[in-house]
Amino acid sequence: MADRPSFARQLERGIESLIMGSRWLQAPLYIGLMFVLGVVVVKFPFKLWYLVQRALIVEEGDLVLAVLSLVDLILVANLVVMVIISGYENFVSHIDSDITTDKLSWFGKLDAGSIKIKLASSIVAISSIHLLQRFLEANTVANDKLYVLIIMHLAFVLSALVLTYIDRLSSAKKVDAGH
């Protein structure tokens, strides 16, 4: 009978180790996101070259659209970097800050709630750029499509606000519980 509790405890430890080790299944996903970042980086110079080629001959509105397209790519790249670093740090393994001399202001400070808010904010910014692009092309975009884009953008804004509100409520509860 003495073997029973020992076997049960070993089984429990084995299951817990397996569960904790399963987080490493996410590592290939973050590596895949690095390839996505590479695609964005490869796309950028082509868009920049297109802008430079057309800079003197395009209308001002088209120039603004091309610049917004570049900004959009940068925002997407920032978003991917943020997800890679903070997601890995929060859900897979702590990143040793000694391995790099670069210090990001947000490194090690983003929890899951903060990541969601930053993601939502980035999506709102990207949506804003796309909406502005469509407004600048308003003569070629159907009104019903513009209305749908506005509604989608407002949904993104509302989602970001709700996430921020929920995060503040949970932060306030943590502070209250600490006192």
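In this label model, Leu25 and Val42 are separated by 2.9 nm, measuring between points 7 Å along each Cα→Cβ vector. Here's the picture: charge each Lys and Arg Cβ at +1 and each Asp and Glu Cβ at -1 in the chain, and of Leu56, Leu158, Ser122 the one pushed furthest to the positive end of that dipole is Leu158. In summary, the aspartates and glutamates within cross-link reach of Lys47, defined as a Cα separation below 15 angstrom excluding same-chain residues under 8 places away, comprise Asp62, Asp72.
Rounded to the nearest 0.05, the FRET efficiency derived from the C-beta distance between Val67 and Val148 at R0 = 25 Å is 0.50.
On full extension of the chain, what length is gained from Ser121 through Phe7, given 0.36 nm per residue of separation minus the C-alpha to C-alpha distance? Spell out each step's value before the answer.
Details: separation 114, 0.36 × 114 = 41.04 nm, distance 4.97 nm.
Taking 0.36 nm per residue and subtracting the Cα distance, the gain is 36.1 nm.
I need the calculated FRET efficiency for the pair Ala155 and Met34, taking r as the beta carbon distance and R₀ as 25 Å, to the nearest 0.05. Kindly include the intermediate steps, with their values, before the conclusion.
Numbers: r = 30 Å, r/R0 = 1.20.
Given R0 = 25 Å and the Cβ-Cβ separation, E is 0.25.
Report the calculated FRET efficiency for Ala55 and Asn78 (r = Cβ-Cβ distance, R0 = 22 Å), to the nearest 0.05. Taking R0 as 22 Å, the efficiency between Ala55 and Asn78 is 0.35.
Is any helix in the chain, taking whole DSSP H runs, at least 18 angstrom long along its axis by alpha carbon and on average at least 0.5 on the Kyte-Doolittle scale, and which ones?
Numbers: long enough: 3-21 (26 Å, -0.44); 27-54 (41 Å, 1.34); 60-91 (45 Å, 1.66); 112-136 (36 Å, 1.07); 143-178 (52 Å, 0.81).
Once both thresholds are applied, what remains is 27-54, 60-91, 112-136, 143-178.
For the stretch 142-165 versus the stretch 13-81, the inter-centroid distance based on Cα atoms is 22 Å.
FYI, it's all coordinate maths here, none of it is from the lab. Predicted model, so just to flag it, every value in this text is computed and none were measured. Every residue, glycine among them, receives a Cβ derived from its backbone with ideal geometry; neighbour counts consider all protein chains shown.
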